[in-house]
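What follows is a single structure, written as structure tokens, with notes after it.
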Amino acid sequence: MMLMKKCVLVIFLMLIGGISPRVLAASPPTAAVPPGLSLAEIKVTGNEFIMLQNNTGASITDLSRYWLYFFNNVNPLAVGVSSSSQQLPAGSLLNGQTILLSANGGNTCGAAVTGKLSLSLNDSGGFLEVVQASLINGLLVQTAGDALSWSSGANTAAGMITNLPSNSTAPNGAYYRYQNSGSGAAYLWQKADLDSVNPCQLNVTISGVTTPGPSSIGNQLLPGSPPPATIVNIGDGEEPASGALPPADIGLAAPQVNEALPNPAEPQTDGEDEFIELYNSNDVAFDLSGFKLQTGTATLHTYTFGAGTMLAPKSFTAFYSIDTNLSLSNNGGQARLLDPAGNIISQSDSYTLAKDGQSWALANGVWYWTTTPTAGEANVINQPLSVKKLSVGTATAATKKSSSGSTKAAATPKVKAAKTTASTTSSPAKPKPSSTPLHPLILAAVGAGALAYAGYEYRNDLANRFHRLRAHRATRPATGRGAKKS
């Protein structure tokens, strides 16, 4: 009897207090990814993005060895499937750090490396795979890694995304990875929504209740006070990097190494006029405080930008050796830009021999040598043309040797004759005689033809002239004879 009263009391209190079973909904699963460079978050519809996490247990020193391959069908082996690929940006990634690729930019959400997502994800279904490229015994080997498939309908692949909602029904819809504690696939994908205020916050709705899920907003601790220390000598005078990204740079595109001049032409000098140029593609200024310029391949030289160094929006800025004290080798090298944490965010291709006055410049994703350095301006690729000597007609004969073994010098007077002075410029040049005389029979035939044509044109004149000549000859004897008589 007493137990029944307690149950009735509990039910009554629940009704009075408005307690709903939804409050007791389970917490959203904790984000987790498989070993390797693995897919951690993805947004297929709307403003697309992909986040990958380094779960290899070690640092990845060169992210550019990894590629993303996308197939526009949940089954990459289906007939008529098309594919596209994207290479990850150059840089390093510590274990546990993430790289974020987004279509329209935005917040970095704690990612150590960011870049533009050039792949266009198919809303109705697709297959995405991480591939690592390695050079083994001189052969390029591609190793397939983590993968994800999704479909707007059914998806038979275990642990993958099924019934993907459209952008109209779930404009903020995204997914994140978590470890499966039950049977089946080791990892599953949890549907979530981007928070309307904080785009780095994923909210999960379980049993009708929206609960905050994973949040990727970086370190939220305030910076501590530095311990007391006395600097006696720090070698090259550079301050140690704090590793913190300037707050104004969060969500911006990384500046790009755009041009380098390793071997300035005289009278310029290596110590003053070598330069490395950076391009800021953002519509706002970029804070270079704590960022580093680095040169070299075997031996590295580094310059750290001081506090308050800014790149103007949409600008090209050259940093000269007289200010940075950096040296670019003439026999081969490379230029890099590092963030305050030491990650490579942009670098030039390595070059070999640098010729006088030629800069190493980027154009449409390819590096070229150009004879037109453009410090502080858009690159102009201008490479010297290779001119081939051609031997035509008499030029060939002029260089042939005579039977006595000496070279004919017939071409030399022709070169001198081409020169003009003030007293001779009004005189016309003499026509150059033909090197091959015409055959006499050809000349005779041409002359006969000309005479025949002239005779036909002037036949009436010739007839009158002939008639007058005959009349004159007929009257001339009578006139003579009359004269003798007198």
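Please treat every number below as a calculation from the coordinates, not as lab data. Here the structure is a predicted model, which means the values were calculated and not measured. Cβ sites come from the backbone with ideal geometry, for glycine too, and all protein chains shown count toward neighbours.
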Determine the gain in length on full extension of the stretch Gln87-Asp323; use 0.36 nm per residue of separation and subtract their C-alpha separation, reporting nm with one decimal.
-> 81.5 nm
Of the listed pairs Lys292/Lys355; Lys292/Lys314; Lys43/Lys116, those with alpha carbons more than 23 Å apart are Lys292/Lys355
Taking 0.36 nm per residue of separation between Ala444 and Asn198 and subtracting their Cα-Cα distance, the length gained on full extension comes to 78.5 nm
Convex hull of Cα atoms in region 36-215, direction-averaged projection (nm²) = 11.6
Gained length - Asn104 relative to Ser64, 0.36 nm times residue gap less alpha-carbon distance | 12.3 nm
Scaled by the rule-of-thumb 2.2 N^0.38 Å, the alpha carbon Rg for region 247-370 gives a ratio of 1.01
Based on the mean of other beta carbon atoms within 10 Å per residue, what is the order of 187-193, 287-293, most packed first?
-> 287-293, 187-193
With a point put 7 Å past each Cα toward its Cβ, work out how far Ala133 is from Ala298 in nm, to one decimal.
-> 2.7
Percent of Cα-Cα distances greater than 16 Å, calculated over region 24-89 | 64
